[in-house]
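All remarks here apply to the structure that follows.
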Amino acid sequence: MTIELARPYSPEQHHSHRDVTGGWLRPAVFGAMDGLVSNFALIAGVVGAAGAGRGAVLAGFAGLVAGACSMAAGEYTSVKSQTELMRAEIAVERRELARNPVGERAELAALYRSRGLDPELAERVAEGLSADPEQALRVHVREELGVDPDDLPSPRLAAVSSFCAFAMGALVPLAPFLFGASGLLVALLVSMIALFGFGAAVAVMTARPWWLGGLRQLVLGVGAAAVTFGLGHLLGVTVS
């Protein structure tokens with residue numbers, strides 16, 4: 001009879017997490033979906049008003065370039081502003097630690113007491129963390145602001161991710177016309193497949209049912225294109 005002994009616990013045995021604070025996923029996902037949906041809707045509107053042809057291709061290119069630049073500029077400005085606000089608040093915390101270290105240590109001890117540590121242990125933990133001013137700053141910023149001062153979002157990364165993702169998404173409904181498509185059907189089919197596939201991929205990344213994410217994005221994208229196609233067709237008939 002063989003007896004298996006339990007493996008001793010090793011501190012090296014731990015699970016890992018994906019990076020959720022790098023600032024690239026949200027602009028990339030938003031940019032790709034916005035590019036696909038908005039450019040498909042734009043092309044559908046032009047086709048609905050004037051039919052497929054050179055106008056649809058020009059509109060698709062204009063939508064791709066203008067949208068990608070707009071998305072990149074918007075993401076850069078928003079993330080830059082957010083980061084500047086974080087840095088300003090971190091500077092406030094740094095000044096407060098230098099001006100009133102005893103009060104900040106007491107604040108940290110009170111925080112740990114509120115989380116269940118007994119008063120004596122909370123005081124020792126706060127004292128140990130406060131011995132190094134930089135370490136104390138990191139702890140206070142994480143606890144009070146909910147951000148990591150060593151890993152703030154990058155405006156450039158957000159802008160580049162958004163630009164590239166929007167351009168890739170916007171190219172999907174435009175590609176069939178570049179290869180000689182004469183109607184909206186091929187672009188519609190390609191865009192529907194891309195909408196469902198991308199929605200499903202994002203759902204898998206965020207631990208949600210792939211079919212639900214794909215179906216949701218498909219419905220939203222086709223709905224937006226249907227509205228613009230209908231408006232384009234209505235305006236086209238009215239103008240003519």
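The values are calculated or read from the model by the stated rules, or taken from the named source; none is laboratory data. Being a predicted model, the structure only gives us computed values, none of them experimental. Note that we place each Cβ from the backbone using ideal geometry, even for glycine, and neighbour counts take in every protein chain shown. Only protein heavy atoms, including side chains, enter the accessible area calculation; ligands, DNA and RNA are left aside. Shrake-Rupley method; radii C 1.70, N 1.55, O 1.52, S 1.80 Å.
Quick notes on this one:
- Flag for residue 55 being more than 30 Å from residue 201 (Cβ to Cβ), out of contact with any Cys (no Cβ under 8 Å at 6 or more places or on another chain), modelled with pLDDT of 90 or more and part of a helix (DSSP H, G or I): no
- Every condition in (1) in contact with a Lys or Arg (Cβ under 7 Å, 6 or more places away or on another chain); (2) open to solvent by 40 Å² or more (accessible area, probe 1.4 Å) is met by residue 126 except one, and the failing one is (2).
- The test for being without any contact (Cβ under 8 Å) to a residue 24 or more places away in the chain and either touching a Leu at 6+ places or on another chain (Cβ under 9 Å) or assigned to a helix (DSSP H, G or I) (or both) does not hold for residue 220.
- Taken together, the residues in segment 164-180 that are under 13 Å from residue 28 (Cα atoms) and surrounded by fewer than 23 Cβ atoms within 10 Å (Cβ to Cβ) amount to 3.
- Scope segment 129-141; condition open to solvent by less than 40 Å² (accessible area, probe 1.4 Å) and either of a type outside the set (A, V, I, L, M) or under 30 Å from residue 65 (Cα atoms) (or both); matching residues: 130, 140
- Test set (1) under 22 Å from residue 177 (Cα atoms); (2) over 32 Å from the mean Cα position of the chain (by Cα) - residue 103 fails condition number: (1)
- Tabulated pairs, segment 193-209, first polar (S, T, N, Q), second modelled with pLDDT of 90 or more, C-beta under 8 angstrom, 6+ apart or interchain: 206/213
- Single unsatisfied condition, residue 117 versus (1) over 18 Å from the mean Cα position of the chain (by Cα); (2) modelled with pLDDT under 95; (3) surrounded by 18 or more Cβ atoms within 10 Å (Cβ to Cβ): (3)
- Condition check for residue 87: part of a helix (DSSP H, G or I) and free of Cβ contacts under 8 Å to residues at least 40 places away in the same chain: no
- Condition met for residue 60 (touching a residue at least 60 places away in the same chain (Cβ under 8 Å), within 21 Å of residue 175 (Cα to Cα) and not polar (S, T, N, Q)): yes
- Residue 73, sole failed condition from (1) of a type in the set (A, V, I, L, M, F, W, C); (2) open to solvent by 50 Å² or more (accessible area, probe 1.4 Å); (3) free of Cβ contacts under 8 Å to residues at least 40 places away in the same chain; (4) assigned to a helix (DSSP H, G or I): (3)
- Qualifying residue in segment 142-160 (condition: open to solvent by 70 Å² or more (accessible area, probe 1.4 Å), modelled with pLDDT of 90 or more and over 22 Å from residue 64 (Cα atoms)): yes
- Residue ID - surrounded by the fewest Cβ atoms within 10 Å (Cβ to Cβ), chosen from residues in segment 190-240 that are more than 19 Å from the chain's Cα centre (by Cα), within 14 Å of residue 36 (Cβ to Cβ) and at pLDDT below 90: 223
- All of 104, 89 fail the test of being farther than 30 Å from residue 167 by Cα, open to solvent by 30 Å² or more (accessible area, probe 1.4 Å), among the acidic types (Asp, Glu) and touching a helix residue (DSSP H, G or I) at 6+ places or on another chain (Cβ under 9 Å), apart from 89.
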